[in-house]
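*Asks:* Please find one structure pasted underneath; my questions will follow.
The values are calculated or read from the model by the stated rules, or taken from the named source; none is laboratory data. Just so you know, these numbers come straight off a predicted model, no measurement behind them. All Cβ positions, glycine included, derive from the backbone under ideal geometry; neighbour counts span all protein chains shown. With ligands, DNA and RNA removed, areas are computed over all heavy atoms of the protein, side chains included. Shrake-Rupley method; radii C 1.70, N 1.55, O 1.52, S 1.80 Å.
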Amino acid sequence: MAFLADTLSRVKPSATIAVTQKARELKNAGRDIIGLGAGEPDFDTPDNIKNAAIEAIRRGETKYPPVSGIVPLREAIAKKFKRENNLDYKPEQTIVGTGGKQILFNAFMATLNPGDEVIIPRPYWVSYPEMVAICGGTSVYADTSIDNGFKLTAAVLEKAITPKTKWLLMNSPSNPSGAAYTQAELRALADVLLKHPHVWTLTDDMYEHLTYGDFVFKTIAEVEPKLYERTLTMNGVSKAYAMTGWRIGYAAGPVQLIKAMDMIQGQQTSGACTIAQWASVEALNGPQDFITKNKAIFQGRRDLVVSMLNQARGITCPSPEGAFYVYPSCAQLIGKKTKAGKVIDTDEAFCSELLEAEGVAVVFGSAFGLGPNFRISYATSDALLEEACTRIQRFTASLT
C-alpha cells in the first residue's frame, strides 16, 4: 500500500511559484536577475490599513474569529458589493477565507463529486485545474485565442456545457492574459447560462479595480440578476490594496453554499487571521483614492511593456484591459536556435533560454494551458521593466 495519496499524481506544482523561486535562487547565487514572474504589486500596503491592524492588536483582537469572518468585515463586504457592483448580499451570505485560493478551494470541495465538470477558459490561472483535481472534479477547457483577446465566447461556452457541468469558472480581469469582459460580452455568456440552469458560475474578480482607460468593470451576477442564485462572486484585498501577504479573500453567494463552505473551512483552518481581517475592514471602508493613483502607474507600465515587446523580433503582444500581466506570443520564434545552438522548440524552452542568456525570469504560457506564449508581470518599476524588455529584444534578435 502506497503511503502518499493518489490525489498527488493528479496535481502539478505551481509554475509561477517555481519561476519565482528559481529567480530567487539565481539572484542569491550572484546572478543579475530580473524576476517578472510574481503576481504581486510592488506598492506597500497603505498606512491607514497598517494602522488599523496595529490598533486591532492594541485592542486585544487576537482571539479565534468566527469561521466565516468577523461581523464588521462581513458587513463591509456586503456594503462593498452593493456600492461597487450593485449586488445585494446580507452579511450571512458572505464568507472570509485565507486568501482567494481558500475561497475557491472551499467552493469546489463543498460542491464537486467525482465526474462533475468545471469549465475553465484557457489560458487559466495555474491553480484552477489543480484545485478541481484535488476536489475530485474534472476540468473542461474552453479555448480562447489571441485573435479574440483571450476571451471566452458564447459559442465556445455552449459547446463546452454537458449534463455533468457544475461550474463555469470566470476570471476577469484575467491572470495570465489581463483580458477583461465588457458588459456586452458578459451578456452573451449569461444568455447561454440561462439556457442551462444546472450550471453555476464562480467569478474570480480579484483584479476588479485594476482596469485601464475607459473600461468599465462588470461582474456576471450584476449583468444578469437571474444568475444571482447560482453565482459565487469572489474577490479579495490582495491586488488592489497591495495586501498579498495579509491573506484575505472573500466571497458572497447563496446562504446554502456559504454554510457548506463554512463547514469545510471549520474543519480545515477555522477563521482567517483576526488582525488581517480588521485591516481589511479598513481597506474596504476607508479611503479608496490611492487605487486610482496606482492604476495610473500600472497603466503606464503596461503601455511601456506592450510597446517594447512589440518591437522585439518575433514577439506579438496584445494590450490587455486589466490586471498587471501581458501574455505575448512567441510563436514566430519556435524553431529558432540560440547562439549555443539550442533549438527553441516550446515556449518553456524560450523562457528557460531567456533566463539563462539574459537573466529575465518569465512564466511559460503552456503552464497556463495555452502557448506558445509567456506571461510577464509588470508589477515592478519602470526602470526594471525597461531593462528587462531591452534584454528580451536583445535575446530575440540573437536567435537564428
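*Asks:* Roughly speaking, what % of Cα-Cα pairs in the chain are separated by over 39 Å, rounded to a whole number?
*Replies:* It works out to 17 percent of all Cα pairs.
*Asks:* Rank-order 21-29, 252-260, 122-130 by packing density, defined as the average count of other C-beta atoms within 10 Å over each peptide's residues, highest first.
*Replies:* 122-130, 252-260, 21-29
*Asks:* For the chain, what does the accessible surface come to per residue with a 1.4 Å probe? Please give it in Å².
*Replies:* Spelled out: the 1.4 Å probe surface of the chain, per residue, equals 42 Å².
*Asks:* May I ask for the net charge around GLN393, where only other residues with Cβ less than 10 Å from the Cβ of GLN393 are counted and Lys, Arg are +1 while Asp, Glu are -1?
*Replies:* Once all neighbours under 10 Å are counted, the net charge is +2.
*Asks:* If each residue of separation counts as 0.36 nm, what is the full-extension length gain between ALA184 and VAL343 once their alpha-carbon separation is subtracted?
*Replies:* 52.9 nm
*Asks:* Among rounded, prolate and oblate, which fits segment 23-160 when a ≥ b ≥ c are the square roots of the eigenvalues of its C-alpha gyration tensor, a/c under 1.5 means rounded, and a/b larger than b/c means prolate?
*Replies:* The shape class here is oblate.
*Asks:* Right, here's the next one. Identify the chymotrypsin sites (Phe, Trp or Tyr not before Pro) of segment 212-271 meeting these criteria: DSSP loop state and at most 16 other C-beta atoms within 10 Å of the C-beta.
*Replies:* Loop-located and lightly packed - PHE215.
*Asks:* Tell me the carbon and sulfur percent of the accessible area for the chain, rounded to whole percent, probe radius 1.4 Å.
*Replies:* The C+S portion of the solvent-accessible surface of the chain is 54 percent.
*Asks:* Further question on the same structure: If you take all C-alpha pairs in segment 217-269, what percent of them are over 15 Å apart?
*Replies:* Cα-Cα pairs in segment 217-269 separated by more than 15 Å: 60 percent.
*Asks:* Between ASP382 and GLN332, 0.36 nm times their residue separation minus their Cα-Cα distance comes to what?
*Replies:* 15.3 nm
*Asks:* Further question: With springs connecting C-alpha atoms under 10 Å apart, model the chain as a Gaussian network and identify which of ARG74, ARG302, ARG83 has the largest mean-square fluctuation.
*Replies:* Of ARG74, ARG302, ARG83, the Gaussian network model singles out ARG83 as fluctuating most.
*Asks:* In segment 247-276, whose amide N lies under 20 Å from the spot 7 Å out along Cα-to-Cβ of TYR64? List them in ranges.
*Replies:* 259-276
*Asks:* Over 19 Å between Cα atoms, which of LYS101/LYS239; LYS151/LYS218; LYS239/LYS293; LYS151/LYS295; LYS218/LYS295 qualify?
*Replies:* The answer is LYS151/LYS295.
*Asks:* Which value in nm describes the separation of the simple spin-label points at THR162 and ALA260, placed 7 Å from the Cα toward the beta carbon?
*Replies:* Simple spin-label model gives 2.0 nm for this pair.
*Asks:* Continuing with this model, one more query. Sort 175-183, 64-72, 262-270 by the packing proxy (mean of other Cβ within 10 Å over each peptide's residues), most packed first.
*Replies:* Top of the packing list down: 175-183, 64-72, 262-270.
*Asks:* For MET109, MET206, give me the order by solvent-accessible area with a 1.4 Å probe, most accessible first, ignoring ligands, DNA and RNA.
*Replies:* Solvent-accessible surface, decreasing: MET109, MET206.
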